[in-house]
1. Work out, step by step, the length gained on full extension between residue 115 and residue 142: first 0.36 nm times the residue separation, then minus their alpha carbon distance; give nm to one decimal.
2. Apply 1/(1 + (r/R0)^6) to the Cβ-Cβ distance of residue 161 and residue 214, taking R0 = 45 Å, and write down the FRET efficiency to the nearest 0.05.
3. Quote to one decimal, in nm, the extra length available between residue 17 and residue 57 on full extension: 0.36 nm per residue of separation minus the C-alpha distance between them.
4. What order, most packed first, do the peptides 49-60, 18-29 have when packing is the mean number of other Cβ atoms within 10 Å of each residue?
5. Once the Cβ-Cβ distance between residue 177 and residue 122 is put in as r, and R0 is 25 Å, what FRET efficiency do you end up with, to the nearest 0.05?
6. At 7 Å along Cα-to-Cβ for each site, give me the label-to-label distance between residue 108 and residue 87 in nm.
């Protein structure tokens, strides 16, 4: 009997909560739209205007009795090394030496230069496939292309500077391909994400308001029952 009454009370509370959500639907949607708008502006105005993509294939020749698994693990290891090497000061100096990027692009301070480089260059490593995807971001289209071309030149012709004595070749699979940034897909994802976050925050607020109402209701009922007991 107690269980039945408890379940009934829970069902009543659920119905009341859903009813409150229905009343607050407009506010929930409004908060979602506000967060979506803020997310859109925050995302768009913090992104570089252009993105240049280049894909590289790392090919390692088989040596002696080396099996496919060993080659795959070796290519994975070398891909990781090259990924890290791109963010090194040595690599940046080689980029400067190509003269494909204006010298004024690089900050004088070494630490600032590394920070700027890590923001400008993003790497996606697919070790199982031996593929490196390198994206370059900048507000100037020619600068983004120049950096990508410089990276390609070093990756293809000077990769020996950043690896051991292994027989491998780095080829350009595609690129450099330059596009406006951010893409429509990324913008839509940010807008939808912002809407969901805003709606969830307001939904949580509605929930806490409902809890407050229920607590006050329980306290009032307890007070009335205490008065009855006094009588």
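1. Values: separation 27, 0.36 × 27 = 9.72 nm, distance 2.08 nm.
In short, 7.6 nm is gained.
2. Numbers: r = 68 Å, r/R0 = 1.51.
After rounding, the FRET efficiency stands at 0.10.
3. On the way: separation 40, 0.36 × 40 = 14.40 nm, distance 5.65 nm.
Extra length available between residue 17 and residue 57 comes to 8.7 nm.
4. Numbers: 49-60: 19.2, 18-29: 12.7.
Order by mean packing, descending: 49-60, 18-29.
5. Details: r = 15 Å, r/R0 = 0.58.
According to the calculation, E is roughly 0.95.
6. Going by the 7 Å Cα→Cβ label model, 2.7 nm.
Rule-based calculations on the coordinates, nothing more; no lab input. What you see is a predicted model, and the numbers here were worked out from it, not measured in a lab. Reconstructed Cβ throughout: ideal geometry from the backbone, glycine too, with neighbour counts over all protein chains shown.
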